[in-house]
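The values are calculated or read from the model by the stated rules, or taken from the named source; none is laboratory data. These numbers come from a predicted model, not from an experiment. Heads up, the Cβs are rebuilt from the backbone with ideal geometry, glycines too, and the neighbour counts pull from every protein chain shown.
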């Protein structure tokens with residue numbers, strides 16, 4: 001298990017557009033494993049490569065014990081909307097109200113470099129959109145409606 005350092009809001013790497021991943025390699029596979037380990041250790045549901053300082057178009061997501069790897073993701077379709085609390089491992093302790101599509105279809109390469117299309121609704125749709133925003137140098141705080149809240153304000157003392 002190798003944990004990577006999560007970059008926080010204010011770090012310039014989080015505002016840069018990521019480069020396409022051109023080839024599969026042992027180094028890429030190690031990065032994917034490290035990203036999952038880092039995400040799980042931080043109790044997240046998604047993590048994008050720039051959040052660990054790597055400017056590659058790579059995200060990992062796990063909203064329901066079904067780990068997803070998206071290499072060079074491209075959102076093909078969205079519909080509906082959902083408005084709710086959203087946080088980010090790069091903005092620890094803060095939550096904002098964000099409106100996202102309720103449905104998303106994304107095309108990407110999986111960890112074996114096979115082309116896949118994944119459809120998601122609700123939390124998975126939110127996570128896909130949130131992580132893809134990171135690849136273009138955007139944080140959820142740019143989309144937050146109103147002020148950011150502490151996790152306690154957003155979820156109460158008990159948490160989520």
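No other residue among 123, 76 is modelled with pLDDT of 95 or more, closer than 29 Å to residue 10 by Cβ and either in a strand (DSSP E or B) or under 15 Å from the mean Cα position of the chain (by Cα) (or both) apart from 123. For region 1-15, the set of residues classified as assigned to a loop (DSSP other than H, G, I, E, B) and closer than 20 Å to residue 27 by Cβ consists of 1, 2, 3, 4, 5, 6, 7, listed by residue number. Please verify whether region 135-151 includes one or more residues that are assigned to a strand (DSSP E or B) and surrounded by 12 or more Cβ atoms within 10 Å (Cβ to Cβ). For region 135-151, residues assigned to a strand (DSSP E or B) and surrounded by 12 or more Cβ atoms within 10 Å (Cβ to Cβ): present.
On the stretch given as region 70-88, residues that are touching a helix residue (DSSP H, G or I) at 6+ places or on another chain (Cβ under 8 Å) and surrounded by fewer than 21 Cβ atoms within 10 Å (Cβ to Cβ) total 5. One residue stands out among those in region 89-115 that are under 21 Å from residue 49 (Cβ atoms), touching a residue at least 12 places away in the same chain (Cβ under 8 Å) and out of contact with any helix residue (DSSP H, G or I) (no Cβ under 7 Å at 6 or more places or on another chain): the one that is surrounded by the most Cβ atoms within 10 Å (Cβ to Cβ), which is 108.
Restricting attention to region 21-52, which residues are within 16 Å of the chain's Cα centre (by Cα) and outside any helix (DSSP H, G or I)?
Narrowing region 21-52 to residues within 16 Å of the chain's Cα centre (by Cα): 31-52.
Correct list: 42, 43, 44, 45, 46, 47, 48.
For region 55-69, taking the residues that are touching a strand residue (DSSP E or B) at 6+ places or on another chain (Cβ under 9 Å) and in a loop (DSSP other than H, G, I, E, B), the one that is surrounded by the most Cβ atoms within 10 Å (Cβ to Cβ) is identified as 57.
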